[in-house]
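Engineer: Attaching a single structure in structure tokens format; questions to follow.
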Amino acid sequence: MSSSDPDKLMIKADKLTKLSMTRWSADWKSATVLYEQAANAYRVRNNHEKAKIAFEKASKGQEMLSSPWDAAKHMESAGALAKELGNLTEVADFYRRASELYVLCGRSQPASDALSKGAHALEDSKPDEAITLYTEACTLLEDDGREQMAFDLYRDATSVFVKLEKYSDAAELLLRWGLAADKCNAVHSQGKAYLSAIIVYLYAHDFKQAEKCYNDCSQVDAFTRTDQYRAASKLLSAYREGDVEEIKRVAQSSTISHLDHVIIRLARKLPTGDVSALKTDTTEDQEEALDENDLT
């Protein structure tokens, strides 16, 4: 049967799922086998459109047979074919449905992986949708206490945010990564995430937010004992002094050179604006503080 015409296999399978005067119940078991055979035959013949439809029906069949794992696998195959065909809306729908089916199996890792595959396929064409899928994938792992397995997802989503020039969103996600790292005692990853967030704010020329981020992260005792903390301190100090050369020197340091590539590229371009005004503002703040303390 596997060598038969896949069109005929589909027709026979469809008949088995439809009720009639002579068939009072659908034979999903037999139909699903036929759909699977047709899907594989179409794929071998590079007929991606028909293979996609067959895998979608095979997935439905496995659902009807109470086999969500196999249903999810077929839905992922349909998603991959939708990508080949350029059907971007279907890509997101199929991979999200595959994820839901894996969740029914109680498997957060493959559920997250399915969303990640969909996100990766959409990064260039539909980056906002890709970010949504990456975020959902992170949430699945976080909710299951598997934060460390989400590190690559935080990295990929951050990269998309930076490409879209959504720097605040990128920094917020990096802080979320830092919190996840804290929960699994990944101190080195936590330090890198916090330093990266500070660099992103500085690249966006938002010194006040960078400083607030630094102060907030400094409340985490483990961070204050890292090389990343010391690099952040030096970088912000150079900004306060309006010292462009020192900013560039710190940005070239080995600590920053070991961050993710997308962050390194931002750091190498620091400072992005006029930092001399920061020195003036800092000096004025110090003078005002002295005036307040002058009781003579």
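Engineer: Calculate how steeply helix 151-163 sits against the longest principal axis of the alpha-carbon atoms of the chain, using the helix alpha-carbon long axis, and give the answer as 0 to 90 degrees to the nearest 10.
Structural biologist: 70 degrees
Engineer: Using the beta-carbon distance between H258 and K208 and R0 = 25 Å, what value does 1/(1 + (r/R0)^6) give for FRET efficiency, to the nearest 0.05?
Structural biologist: E(calc), rounded to 0.05, equals 0.40.
Engineer: I've got another one for you. Averaged per residue, what accessible area in Å² does the chain show with a 1.4 Å probe, protein chains only?
Structural biologist: It amounts to 52 Å² per residue over the chain.
Engineer: Continuing with the same structure: Can you work out the base-10 log of I(q)/I(0) for the stretch 181-272 at q = 0.23 1/Å, using the Debye formula on its C-alpha atoms alone?
Structural biologist: Per q value, in the given order, log10 I(q)/I(0) is -1.16.
Engineer: Continuing with this model, one more query. Defining a contact as two alpha carbons under 8 Å apart and six or more residues distant in sequence, what relative contact order in percent does the stretch 181-272 show?
Structural biologist: 32 percent
Engineer: How high is the relative contact order of the chain, in percent, counting Cα pairs under 8 Å that sit 6 or more residues apart?
Structural biologist: 8 percent
Engineer: About its Cα centre, how strong a charge dipole does the chain have in debye, to the nearest 20, once Lys and Arg get +1 and Asp and Glu get -1 at the Cβ?
Structural biologist: With Lys and Arg at +1 and Asp and Glu at -1, about 2180 debye.
Engineer: Given a 1.4 Å probe and every protein chain left where it sits, what share in percent of the accessible area of the stretch 64-104 is carbon and sulfur?
Structural biologist: 52 percent
Engineer: For the chain, find the longest principal axis of its Cα atoms and tell me its angle to the long axis of helix 187-203, 0 to 90°, nearest 10.
Structural biologist: 70 degrees
Engineer: Restricting attention to the alpha-carbon atoms of the stretch 155-215, what are Rg (one decimal) and Dmax (integer), both in Å?
Structural biologist: 11.0, 32
Engineer: Protein chains only, probe 1.4 Å: how do S20, S189, S66 rank by accessible area, largest first?
Structural biologist: The ordering from most to least exposed comes out as S66, S20, S189.
Engineer: Here is a further query. Relative to the first principal axis of the alpha-carbon coordinates of the chain, what is the inclination of helix 48-64, with its axis defined by its Cα atoms, in degrees from 0 to 90 and to the nearest 10?
Structural biologist: 80 degrees
Engineer: Something else about it: Filter the trypsin sites (Lys or Arg not before Pro) in the stretch 38-94 down to the DSSP loop ones having no more than 14 other Cβ atoms within 10 Å, then list what survives.
Structural biologist: For trypsin sites (Lys or Arg not before Pro) across the stretch 38-94 that sit outside H, G, I, E and B with at most 14 neighbouring Cβ atoms in 10 Å, the list reads R45.
Engineer: First compute the accessible area of the stretch 181-272 with a 1.4 Å probe, then give the percent of it belonging to carbon and sulfur atoms.
Structural biologist: Its accessible area is 44 percent carbon and sulfur atoms.
Engineer: Work out the FRET efficiency for S218 and E84 from their Cβ-Cβ distance, taking R0 = 51 Å, and round it to the nearest 0.05.
Structural biologist: 0.55
The values are calculated or read from the model by the stated rules, or taken from the named source; none is laboratory data. It should be emphasised that the depicted structure is a prediction, and the values quoted were computed from it without experimental measurement. Methodologically, a virtual Cβ is constructed for each residue, glycine included, from the backbone with ideal geometry; neighbour enumeration extends over all protein chains shown. Each accessible area value is taken on the protein alone, full model and side chains, heavy atoms only, with ligands, DNA and RNA left out. Shrake-Rupley method; radii C 1.70, N 1.55, O 1.52, S 1.80 Å.
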